[in-house]
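Novice: Have a look at this one.
Nothing in this text is a laboratory measurement; each read-out follows from the coordinates by a stated rule. These numbers come from a predicted model, not from an experiment. Using ideal geometry, Cβ is built from the backbone for each residue, glycine included, and neighbour counts are taken over all protein chains shown.
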Amino acid sequence: MQPTLERGGRVSLRELIPQGRFFGTSDIQFEACCGDAYRCEPGDLFVAVDGQDGDGHELYREAVERGASAIIAERPLPVSIPVCVVPDTREAYGQICQLLAGRPADTMHVVGVTGTNGKTTTSMLIASILDAAETRVGVISTIGRSDSTHTKPATRTTPAPPEMASWLKRMSTNGCSHAVLELSSHALAQQYTAGLQFDAAVLTNLRRDHIDLHGSVMNYRKAKTRLFEQLKPNGFCVLNADDPGSQAILPKLNAPVITVGQRERAEIMATVIERHTSEQTFLLMAGNESVPVRTQMIGDHHISNCLEAAAVGLVMGIDLATVARGLEALARVPGRMERVECGQRFSVYIDSADNPDRLAIALKALRKVTSGRVLCVFGTPAHRPVEDRPMLGRVVERAADLGVLTGGHIPQAEPLRALHDVLDGYDRPARAHLIPTRSQAIQWTLEQAKPGDSVLIAGEGRLGVASGMDGLATLDDYDIARGWLYETAHAEPTYSCFN
């Protein structure tokens, strides 16, 4: 849904979009806009956006009946009120929302983070570094929104333009000097960031994903790289030298680029010193300086996230010691290789890995620190494309010692068909354990764990809703695992779990 966004004074549309073609007027003066015809209010400028809520060009009559004073569209419309025709209403909508909010991003340093994997953690690491440097920072990410004073859970990774502008305004009003924005490929393709310019653009990695949404790998990559087109004249890029997809776009960038890596030569690098199931230590190297970093989050992929965050902090003038302190301060990110520690003699992790690539990365990270077996609970999230299902099975069969296939907390159509699709990826389907109810699958897998083993509960992270006798109840892989661990002899009550 697209709420109305308004400001105190009237705004000239011709000044904002001089290239627009005006019908029925030479200019449109407005003080509020709306992108949802069904929520339009008298006097609103209605923007006919073609988005996930439908095509506004087919709903313009509804907006007129509700009192819209003018319309922005991509083609002339048969209405009696003024119309401005623009090439892309999504871009215009983003620009208008930022203008009505007073262009709050102009008062802050704005960092955009995109990529296939690691966006959320990298965004939180950047915010932690900025916080360690005693700067006031606002964050928009998958796990929530923060204006540095108040936080709110998120329903999607990147908010639509009105909500984006509203949160940026809240950040600016609260005195934030920096804003960190996690940007999905969908948001970039839908021009949610129109009207913004970025001081830094971070691409964590560029793999194959969301082809069902974008139609092709080329379109997906084009959406991701759109972020670099919105850099300020003095802005900079951060790329992962270890990632072939990121390396492929390097020659196309016109802005300064800072590279990071663990294997390939880069300007900022890391070398692992030691790994454990609960922490790892690596040497962070930048130029002639180096500093050890000890983090409670594990895996080479987390080190890559740390390097990308460090690059942003260093270029923004934060010293290496403070950067390291900020990286170490982020002890956990909900649903991202999140350790459930209740005193048990084996390791348990919750991870939102919902595609083959992320699942393989998580299992590989556990294999490096596990003396016993690697056990994996996984399923088929309803939002993932069908073609991912056999690959999920293939990954678990090859990378885990025990794979337990299950459903999600949110019911999906043809659940047994989805599970059978996963089994098609197994060379030996009999090796898979099938327990359709997710909570039962988690509990059974934990019962099988022995000292020295690691259990990965993948695919849902910290999210999940299921219906019960009293309506909708929130379920959470973390809470299910923690509850079982506390109720059994594997855990001692004196140990505390993260809340």
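Novice: Projected onto the charge dipole of the range 104-329 (+1 at Lys/Arg Cβ, -1 at Asp/Glu Cβ, origin at the Cα centre), which of Asn234, Leu327, Thr116 gives the Cα projection farthest towards the positive end?
Specialist: Thr116
Novice: If you don't mind, there's one more thing I want to ask. Find the Rg to Rh ratio for the range 338-487, where Rh is the Kirkwood radius over alpha-carbon pairs and Rg uses the same atoms.
Specialist: 0.94
Novice: Next up: Quickly estimate the mean residue ellipticity at 222 nm for the chain, helices only: each DSSP H run with n ≥ 4 gives -39500 (n - 2.57), and the total goes over all residues, rounded to 500.
Specialist: Mean residue ellipticity at 222 nm (helix-derived): -9000 deg cm²/dmol.
Novice: What does the convex hull of the Cα atoms come to per residue for the range 378-449, in Å³?
Specialist: Cα convex hull per residue, to the nearest whole number: 77 Å³.
Novice: May I pose another question? Using 0.36 nm times the number of residues separating Arg367 and Asp50, minus their current alpha carbon distance, what extension gain do you get?
Specialist: Working it through step by step, the gained length comes to 109.6 nm.
Novice: With N set to the residue count of the chain, report its C-alpha Rg divided by 2.2 N^0.38 Å to two decimal places.
Specialist: Against the compact-globule rule of thumb, the ratio is 1.04.
Novice: Now, a different point. Could you tally the net charge around Met171, taking each other residue with its Cβ under 10 Å from the Cβ of Met171, Lys/Arg +1 and Asp/Glu -1?
Specialist: Net charge around Met171: +3.
Novice: Fewest Cβ neighbours within 10 Å first, please rank Met171, Met337 accordingly.
Specialist: Listed from fewest to most nearby Cβ atoms, that is Met337, Met171.
Novice: How big is the gap, in Å, between the Cα center of the range 127-158 and the Cα center of the range 255-314?
Specialist: 22 Å
Novice: Less than 18 Å apart at the alpha-carbon level, and either on another chain or at least 8 residues along: which lysines does that give for Lys119?
Specialist: Lys119 reaches Lys222, Lys224.
Novice: If I model a spin label at Glu229 and Asn288 as a point 7 Å from the Cα along the Cα→Cβ vector, what separation in nanometres do I get?
Specialist: According to this spin-label approximation, the distance is 4.2 nm.
Novice: Zone of His433 (label point 7 Å along Cα→Cβ, backbone N under 18 Å): which residues in the range 313-355?
Specialist: 345-351
Novice: Right, next: Say the cut-off is 28 Å between C-alpha atoms; which of Lys152/Lys450; Lys169/Lys252; Lys169/Lys232 go over it?
Specialist: Exceeds cut-off: Lys152/Lys450; Lys169/Lys252.
Novice: Hey, another quick one. Would you mind ranking Thr488, Thr295, Thr121, Thr322 by Cβ crowding within 10 Å, fewest neighbours first?
Specialist: Ranking Thr488, Thr295, Thr121, Thr322 by Cβ neighbours within 10 Å, fewest first, gives Thr488, Thr322, Thr295, Thr121.
Novice: Another question about this same structure. According to the Kirkwood expression over distinct Cα-Cα pairs, how big is the hydrodynamic radius of the range 91-225, in Å?
Specialist: Mean inverse Cα-Cα distance, inverted, gives 14.8 Å.
Novice: Using only the Cα atoms of the range 324-369, build the gyration tensor, take square roots of its eigenvalues as a ≥ b ≥ c, and label the shape rounded, prolate or oblate: rounded if a/c is under 1.5, else prolate if a/b is larger than b/c, else oblate.
Specialist: The shape class here is oblate.
Novice: Which value in Å is the Kirkwood Rh of the range 5-100 over different Cα pairs?
Specialist: By the Kirkwood definition, the hydrodynamic radius is 12.8 Å.
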